[in-house]
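The structure appears right after this line, and notes come after that.
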Amino acid sequence: MIAFLRGPLIQRDVNRVIVDVNGVGYNVFVSLNTLGLLPETKDALLHIHTAFRENALELYGFATTEEKSLFEMLLSVSGIGPKTSLTILSGISPPEFREAIFQKDLAKLSSIPGIGKKSAERIVVELKEKILKLSPKDSTKIVGHLSKNLEEDLTSSLVNLGYKQKVAAETAHKILEKAEPTISLEQAVKLAFKDLVR
């Protein structure tokens, strides 16, 4: 079983990347959140979930172990497969997803393409306890302001990409202060990159 892959990205598409690991190219499906966190020039590290199908073996990669855990939880929900799980995690960041589960925010979940109200209800019912076990210490925090969560996630993403904590925090605050309330983590990361390379 593949736990992770590390290597340069030789191709990036909307929902997949090809990772060169010692001369072997691995096709890995990724969410938009993960895609926005992957470095342009340095080696990428992807935590891998392997899905076995009748005629194929598919790899799903995640920039964080948290997103991988949420992906695998989603697979346990009846009627939710790997592609749908990836679509969900492309439409909502991990902190937003956790908050939506705790708040029973069916409107937010069903606004994701391919997720209807019944699917959203199943996700909330089947995952609430599991997510509590995954991050019980966060369960009281995530009911707070989403913008604060996004700022923390953006800061963390920039630190993981090699920027110092102070620079990352100042950049994240500056970017989100001017941004639209609906900005996604991927969009924020891209804006932060542009600001930092000036």
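The values are calculated or read from the model by the stated rules, or taken from the named source; none is laboratory data. Quick caveat: nothing in here was measured; it's all calculated off a predicted structure. Virtual Cβ from ideal backbone geometry, glycine too; neighbours counted across all protein chains shown.
General observations
- Within this structure, LEU109 fails the test of being at pLDDT below 90 and either more than 30 Å from ASP20 (Cβ to Cβ) or assigned by TED's automatic domain parsing to the domain that holds ALA168 (or both).
- Test: residue in the range 125-143 that is modelled with pLDDT of 90 or more and touching a helix residue (DSSP H, G or I) at 6+ places or on another chain (Cβ under 7 Å): yes
- If you filter the range 53-84 down to residues that are touching a strand residue (DSSP E or B) at 6+ places or on another chain (Cβ under 8 Å) and β-branched (Val, Ile, Thr), you find that the one that is surrounded by the most Cβ atoms within 10 Å (Cβ to Cβ) is THR64.
- Test: residue in the range 20-34 that is among the small types (Gly, Ala, Ser), in contact (Cβ under 8 Å) with a residue 60 or more places away in the chain and either assigned by TED's automatic domain parsing to the domain that holds TYR163 or touching a Ser or Thr at 6+ places or on another chain (Cβ under 9 Å) (or both): no
- Residue in the range 31-40 that is assigned to a strand (DSSP E or B), touching a strand residue (DSSP E or B) at 6+ places or on another chain (Cβ under 8 Å), within 29 Å of LEU191 (Cβ to Cβ) and of a type in the set (A, V, I, L, M, F, W, C) present: no
- Taken over the range 164-180, residues that are out of contact with any helix residue (DSSP H, G or I) (no Cβ under 7 Å at 6 or more places or on another chain) and touching a residue at least 24 places away in the same chain (Cβ under 8 Å) amount to 1.
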